Amino acid sequence: MKALVVDDEPVMRRVVERTLTDMGVEAVSETSGLNALYRVHEQPFDLVFMDLMMPGGNGVYAIEEVLKRRPGTRIVAITGLATDEIVAKALERGAESRLRKPFSTHVIRETVERVRRESDGGTA
């Protein structure tokens, strides 16, 4: 499994990326939605953790564009500041769930395990 972590907060990126790596997930990170789009253009990812509120980039727009370029990519919206309206837009545009900051590494692990089960044909 390959995952992309998109967040402007360095600590958040490192925590999520390290948790994924510890689970055997090939993980890389980007600091903005625009950088994420460049990365997605270069290679596919099974799972993207996308921050919704980043300077110089709209996570909702990035979610929509990732799915245009790579349909079937599983996207989890992450946010600490987004309003309910922004979260609703992210879900409408293709994010399958959202994690509200701060969240524990346990929640990241549960999310990845759920995606793995569903990708293998199981149910959540």
Using beta carbons and a limit of 6 Å, which pairs, at least six apart or on different chains, have the first residue in region 17-29 and within 11 Å of R109 (Cβ to Cβ) and the second one crowded, with 20+ Cβ neighbours inside 10 Å and among the β-branched types (V, I, T)? T19/I108; M23/V112
Those residues of region 14-38 which are farther than 21 Å from R69 by Cβ and of a type in the set (V, I, T) amount to V15, V16, T19, T21
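When you look at A36, is it of a type in the set (G, A, S), in a helix (DSSP H, G or I) and either within 14 Å of the chain's Cα centre (by Cα) or exposed (fewer than 14 other Cβ atoms within 10 Å of the Cβ) (or both), yes or no?
Values: of a type in the set (G, A, S): yes; in a helix (DSSP H, G or I): yes; either within 14 Å of the chain's Cα centre (by Cα) or exposed (fewer than 14 other Cβ atoms within 10 Å of the Cβ) (or both): yes.
The answer is yes for A36.
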Any chance V28 is buried (at least 20 other Cβ atoms within 10 Å of the Cβ) and modelled with pLDDT of 95 or more: no
So which residues in region 69-117 are touching an Asp or Glu at 6+ places or on another chain (Cβ under 8 Å) and of a type outside the set (G, A, S)? T73, R74, I75, V76, I78, T79, R93, V115
Look at K68 and say whether it is within 15 Å of N58 (Cα to Cα) and of a type in the set (D, E, K, R). no
Please list, ordered by first then second residue, the pairs with beta carbon atoms under 6 Å, 6 or more apart or interchain, first in region 33-48 and within 17 Å of A77 (Cβ to Cβ), second in a loop (DSSP other than H, G, I, E, B) and among the aliphatic types (A, V, I, L, M). D46/M1
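The values are calculated or read from the model by the stated rules, or taken from the named source; none is laboratory data. Here the structure is a predicted model, which is why all the values come from computation and not from measurement. Positions of Cβ are generated from backbone atoms using ideal geometry, with glycine treated the same way; all protein chains shown enter the neighbour counts.
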